[in-house]
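What follows is a single structure, written as structure tokens, with notes after it.
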Amino acid sequence: MFDSTLRQVKDQLLSPVARGPVGQVPVGAITLAGVACTLAAAAAAWRGFIVASIILWLLGRFFDGLDGAVARSTGRQTDFGGLMDFMADSIGYAAVPLGIAAGIDDRATWIATSVVIASFYVNAVSLGHVAALIEKTAVAKRGLTSVVMPRGLVEGTETIVVFTLALALPDSAAIIWWVFALAVALTIAERLRWASRILRGPTEREVTS
């Protein structure tokens with residue numbers, strides 16, 4: 001919901017870092033560092049190290065933002081890099097809930113975790129397909145990402161906040177995941193409604209008239 005605005009702010013804040021010595025680091029290495037931190041956050045959550053899990057999660061998100069800033073500031077932005085960034089996010093979005101669930105290890109949390117990860121799966125399908133249709137029909141201008149991303153109630157910013165909350169309050173993770181899964185479902189419905197209005201072809205009457 002706030003990504004389109006905050007993405008520009010993020011790039012402005014990270015530009016000085018990206019233009020420094022960090023700009024010489026391969027972009028892929030920064031992406032992998034973000035994945036490593038996120039997986040470490042999941043492991044820390046599993047072991048019950050709450051503060052460490054939050055720090056590692058946020059550090060992973062920092063690297064996730066830094067790789068794109070470095071790529072853009074040094075002219076190394078590629079479609080493959082955008083794909084790897086999306087894949088890295090997907091790994092983290094699965095690993096962290098699983099880490100929290102493994103740490104709590106009760107039926108309610110495992111069920112809620114399964115539901116929220118399933119909602120991510122359906123959301124990824126809607127996001128990817130609608131993004132492809134947007135590219136095909138050219139109904140939106142390209143932004144700072146490698147593909148045009150349809151907006152929704154739940155985007156990266158909201159995910160960072162909710163995951164941080166779940167890591168900080170693992171005993172309440174089941175409730176947090178149920179609420180977040182509902183928000184993701186609303187996002188999916190929002191994208192489908194938008195797609196049906198903007199991207200659908202002419203009606204049968206329009207074709208035959």
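The values are calculated or read from the model by the stated rules, or taken from the named source; none is laboratory data. These numbers were taken from a predicted model, which means no experiment stands behind them. Don't worry about glycine lacking a Cβ; one is built from the backbone with ideal geometry, like all the others, and counts go over all protein chains shown.
Against the conditions (1) out of contact with any helix residue (DSSP H, G or I) (no Cβ under 7 Å at 6 or more places or on another chain); (2) within 28 Å of HIS129 (Cα to Cα); (3) at pLDDT 95 or above, ALA95 satisfies every one except (1).
Could you tell me whether THR78 is surrounded by fewer than 16 Cβ atoms within 10 Å (Cβ to Cβ) and touching a residue at least 24 places away in the same chain (Cβ under 8 Å)? Yes; evaluated as a whole, the condition is true for this residue. Taking the residues in segment 153-195 that are among the aliphatic types (A, V, I, L, M) and not in a helix (DSSP H, G or I) as candidates, determine which candidate is nearest to ALA112 (Cα to Cα). For segment 153-195, the residue satisfying everything is LEU169.
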